[in-house]
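Trainee: Below you'll find the structure I mean.
Here, each number is a calculation from the coordinates, and none is a lab measurement. These numbers were taken from a predicted model, which means no experiment stands behind them. Cβ coordinates were reconstructed from backbone atoms using ideal geometry, including for glycine residues, and neighbour counts include every protein chain displayed.
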Amino acid sequence: MDYSPDTIGGWVGNRLHGKTAVVTGAGRGIGKGIALMFAAQGARVIACDINADALCQLQDEADAAGIGEIVTVAADLTGEEGAAHLADAASALPVVSILVNAAAIAVFDWIDSMPFSAWRKTLAGELDTVFLVTKAIWPLMKARGGSIVNFSSANAHVALDTLPAIAHCAGKGGVLAMTRQLAMEGGPHGIRANSIAPGFTLTEETERHLNNEAMMKSVRAKLMIDHLGMPQDIGWLAVYLGSEESRYVTGADFSIDGGATAW
Ligand SMILES: NC(=O)c1ccc[n+]([C@@H]2O[C@H](COP(=O)([O-])OP(=O)(O)OC[C@H]3O[C@@H](n4cnc5c(N)ncnc54)[C@H](O)[C@@H]3O)[C@@H](O)[C@H]2O)c1
């Protein structure tokens, strides 16, 4: 991924001026792109990940680009203790106006061979992380309202023949449904909740699939356009959902997948 000062400089604006954001999974991939974009758009960002080294790199890249404030917090968000540690750090802010739940871990295997432990690990990594962090941050959003951005997936909508995603499909279907309910419960408090459903998006992690011919052939065959998605393609929607531009938008799920789930 290219997080050079020039690239980040191209994201600078003031669409999130005055906002405070908690972004999980900010060590790499989509969460990292969003943390950098949010800071470039004027938000004060608390960036959390289980990977402390990756957070140091994020901080270095943000500093080199000379963008706004990013405070980093290392925590394992599959447990209540990690979520409480993040909420403690966030409570130093006057309020939290945006929460992006991008942290996730999934094990991919076919139903024939997936051990129960891998199923449980995936649901903890995809569902518990969202539940625990949202529950911990909720009191910090309730006072003034805010916006929650969760990640479902194309896999919450369609099956893929080349990806053994049984547990991942369950986790992402869960996030999709959970987000609608969060929108309902958050409405009276001015809290909006939406999810983004990315299709195959190039990240440090998914880059390794580029060598998997069968998988990439199937991914590309579904695209209506001729390039793969990047974290910033997702990031611009997160900026919209975090800002007042989307004040009438809640309980929605947005596909960003090059048309892959549209046919
Ligand atoms: N990249 C894609 O193609 C794609 C497609 C559909 C959906 N998504 C979803 O988008 C979101 C972001 O995906 P990504 O591709 O950037 O993922 P990624 O695996 O590249 O990054 C996830 C980040 O979460 C962190 N993390 C993992 N477990 C954690 C834990 N227990 N506590 C704290 N942090 C933890 C990791 O260290 C990592 O930095 C995920 O919810 C993913 O399921 C991604």
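Trainee: What's the extension gain from residue 236 to residue 143 if we count 0.36 nm per residue and subtract their Cα-Cα distance? Numbers along the way, then the final one.
Mentor: Numbers: separation 93, 0.36 × 93 = 33.48 nm, distance 2.64 nm.
Length gained between residue 236 and residue 143: 30.8 nm.
Trainee: Mind putting together the pair-distance distribution for the chain? All Cα pairs, 5 Å bins, whole percent per bin, short to long.
Mentor: For the chain, the pair-distance distribution reads 1, 6, 14, 18, 21, 17, 13, 7, 3, 1, 0.
Trainee: Sticking with the crude label model, points 7 Å out along Cα→Cβ, report the distance from residue 214 to residue 81 in nm, one decimal please.
Mentor: Here the modelled spin labels are 4.2 nm apart.
Trainee: Right, here's the next one. With the dipole of the chain worked out from charges on the C-beta (+1 for Lys and Arg, -1 for Asp and Glu) around the Cα centre, which of 225, 66, 20 lies farthest toward the positive end?
Mentor: Selected residue: 20.
Trainee: For Cα pairs less than 8 Å apart in space and 6+ apart in sequence, what is the mean separation divided by the residue count of the chain, i.e. the relative contact order in percent?
Mentor: Values: 546 pairs, mean separation 50.1, N = 263.
Result for the chain is 19 percent.
Trainee: Taking the Cα centre as origin and putting +1 on Lys and Arg beta-carbons and -1 on Asp and Glu beta-carbons, what dipole magnitude results for the chain, to the nearest 20 debye? Walk me through the intermediate numbers first.
Mentor: Values: 18 positive and 28 negative charges, 174 e Å.
Dipole size: approximately 840 debye.
Trainee: If I model a spin label as a point 7 Å beyond the Cα along the Cα-Cβ vector, how far apart are those points for residue 177 and residue 112 in nm?
Mentor: About 2.8 nm, to one decimal.
Trainee: Mind ordering 205-212, 243-250 by average Cβ neighbours within 10 Å, highest first? Can you show the working numbers first?
Mentor: Values: 205-212: 11.6, 243-250: 14.2.
Going by the mean number of other Cβ atoms within 10 Å, highest first, we get 243-250, 205-212.
Trainee: Projecting each Cα onto the charge dipole of the range 85-209 (Lys/Arg +1, Asp/Glu -1 at the beta carbon, about the Cα centre), which of 114, 158, 188 comes out farthest on the positive side?
Mentor: Of the options given, the answer is 188.
Trainee: A further question on this structure: Counting helices only, and only those DSSP H runs with n ≥ 4, report the 222 nm mean residue ellipticity of the chain as the sum of -39,500 (n - 2.57) divided by its residues, in deg cm²/dmol to the nearest 500.
Mentor: Values: 9 runs with 106 residues, N = 263.
Helix contribution divided over all residues of the chain: -12500 deg cm²/dmol.
Trainee: Going by average Cβ density within 10 Å per residue, which order do the peptides 121-134, 102-115 take, highest to lowest? Walk me through the numbers on the way to the answer.
Mentor: On the way: 121-134: 21.2, 102-115: 15.7.
Top to bottom by mean Cβ count within 10 Å: 121-134, 102-115.
Trainee: How about residue 142: which aspartates and glutamates have a C-alpha closer than 15 Å to its C-alpha, ignoring those fewer than 8 places off in the same chain?
Mentor: Reachable aspartates and glutamates: 185.
Trainee: Taking θ as phi - 60°, what are the ³J(HN,Hα) couplings along the range 105-120 by the Karplus curve (6.51, -1.76, 1.60), each to the nearest whole Hz, with x for Gly and Pro?
Mentor: In residue order, the calculated couplings are 9, 9, 10, 9, 7, 6, 4, 4, 10, 6, x, 4, 4, 6, 4, 5 Hz.
Trainee: Taking K and R as +1 and D and E as -1, what net charge do the other residues with C-beta under 13 Å from the C-beta of residue 164 add up to?
Mentor: -3
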